[in-house]
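Asks: Quick one: the structure is below, questions incoming.
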């Protein structure tokens, strides 16, 4: 790696002040699990890294807000989110998802803010937080702004974050009596990137789907909400015919991407089958008191 300057500010706002909207060589670093690999491979050569390791402790905490919402500081390690009693009790789909994300060494180091800001469509946390309706609180020179997690992404490794903005916090709405699941297909090889990730959130009485949320990733260039597929599921009985139609609708409305993890035909078959499997998986799980 080429030499670079490392700055360690003690406040989030000071960290923002060191960022440069016009210089792509200046980057923030949280856990650094992805950034360090990019640097070692020569894909990214920074002139300056702004470490967030010494900023205020409140950005490394998990709490329940006054309205029952989950508030996650951007510097919370993924393993802390995985083992949080509050998360396990009210948002089991998050804890369940993290158990199969990379490995425990990565989860101990990687941070929530970095996992969202990286923009890699193969990451597991963005689709799950998206289907739960989570918001990211961004901070920059102009102050704070809220962005739905699903709206953070504009394309492959690209987000709406300006170079001088940081994610400060993530807020997940208070859980209701709903069912949720995250299903991914991966070889569990050393590469460990999924060919498809499907996140589902259902309002259901166990027989009918009253309201559905469906978000996919990995087989697409970015986290993608399947709105037509949701419409197919809403108000329908949970049976093989409905789930088959939902799978067909998902394939039709999605711009899938062929890559080393599967051809276009393979991705289409995965999506068509996995929508139904994720719905049935969600019914065996829950958010709030249904779990």
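Read-outs: derived from the displayed coordinates by stated rules, not from any lab. What you see is a predicted model; the values in this text were computed from it and never measured. Virtual Cβ from ideal backbone geometry, glycine too; neighbours counted across all protein chains shown.
Asks: Restricting attention to the alpha-carbon atoms of the range 37-92, what are Rg (one decimal) and Dmax (integer), both in Å?
Replies: 15.7, 46
Asks: Translational D (Stokes-Einstein, µm²/s) of the chain at 25 °C and 0.890 mPa s when Rh comes from the Kirkwood sum over C-alpha pairs? Each step should come with its number before you reach the end.
Replies: Numbers: Rh = 19.6 Å.
Answer, rounded: 125 µm²/s.
Asks: Still on this model: Restricting to DSSP H runs of at least four residues, report the calculated mean residue ellipticity at 222 nm for the chain, -39500 (n - 2.57) per run over all residues, nearest 500 deg cm²/dmol.
Replies: Working: 11 runs with 94 residues, N = 291.
Taken over the chain, the calculation gives -9000 deg cm²/dmol.
Asks: Oh, and also: Using r as the Cβ-Cβ distance of residue 211 and residue 255, and R0 as 30 Å, what FRET efficiency do you calculate, to the nearest 0.05?
Replies: Using R0 = 30 Å, I get an efficiency of 0.75.
Asks: Can I ask one more? At 0.36 nm per residue, minus the direct Cα-Cα distance, what do residue 142 and residue 41 gain on full extension? Give it in nm, one decimal, please. Numbers along the way, then the final one.
Replies: On the way: separation 101, 0.36 × 101 = 36.36 nm, distance 3.43 nm.
The span from residue 142 to residue 41 would gain 32.9 nm if fully extended.
Asks: Sticking with this one: Using R₀ = 25 Å, calculate the FRET efficiency as 1/(1 + (r/R₀)^6) where r is the Cβ-Cβ separation of residue 263 and residue 221; round to 0.05.
Replies: The value I calculate is 0.95.
Asks: With the Cα gyration tensor of the range 5-51 giving a ≥ b ≥ c as the square roots of its eigenvalues, does the rule (a/c under 1.5 for rounded; else a/b larger than b/c for prolate; else oblate) give rounded, prolate or oblate?
Replies: oblate
Asks: Further, regarding this structure: For the range 59-172, list log₁₀ I(q)/I(0) at each q in 0.15, 0.16, 0.19 Å⁻¹, using the Debye formula over Cα point scatterers of equal strength and ignoring solvent, two decimals each.
Replies: -0.59, -0.68, -0.98
Asks: Taking the Cβ of each residue in 47, 204, 130 as the centre, tally the other Cβ atoms inside 10 Å and list the residues starting with the fewest.
Replies: The most exposed by this proxy come first: 47, 204, 130.
Asks: Can I ask one more? How would you order 157-169, 31-43 from highest to lowest mean count of nearby Cβ atoms within 10 Å?
Replies: 157-169, 31-43
Asks: Applying 1/(1 + (r/R0)^6) with R0 = 51 Å to the Cβ-Cβ distance of residue 17 and residue 284, what FRET efficiency is obtained, to the nearest 0.05?
Replies: Efficiency, from the Cβ-Cβ distance: 0.60.
Asks: How far is helix 264-283 tilted, in degrees, relative to the longest principal axis of the Cα atoms in the chain, given as a value from 0 to 90 rounded to the nearest 10?
Replies: In the chain, helix 264-283 runs at an angle near 80 degrees to the longest axis.
Asks: Could you work out the mean projected area of the convex hull around the alpha carbons of the range 180-290, in square nanometres to one decimal?
Replies: On the way: hull surface 27.2 nm².
The directionally averaged projection comes out at 6.8 nm².
Asks: Here's another thing I want to ask about it. Compute the long axis of helix 240-253 from its Cα atoms, compare it with the longest principal axis of the Cα atoms of the chain, and write down the angle in degrees, 0 to 90, nearest 10.
Replies: Around 40 degrees separate the two axes.
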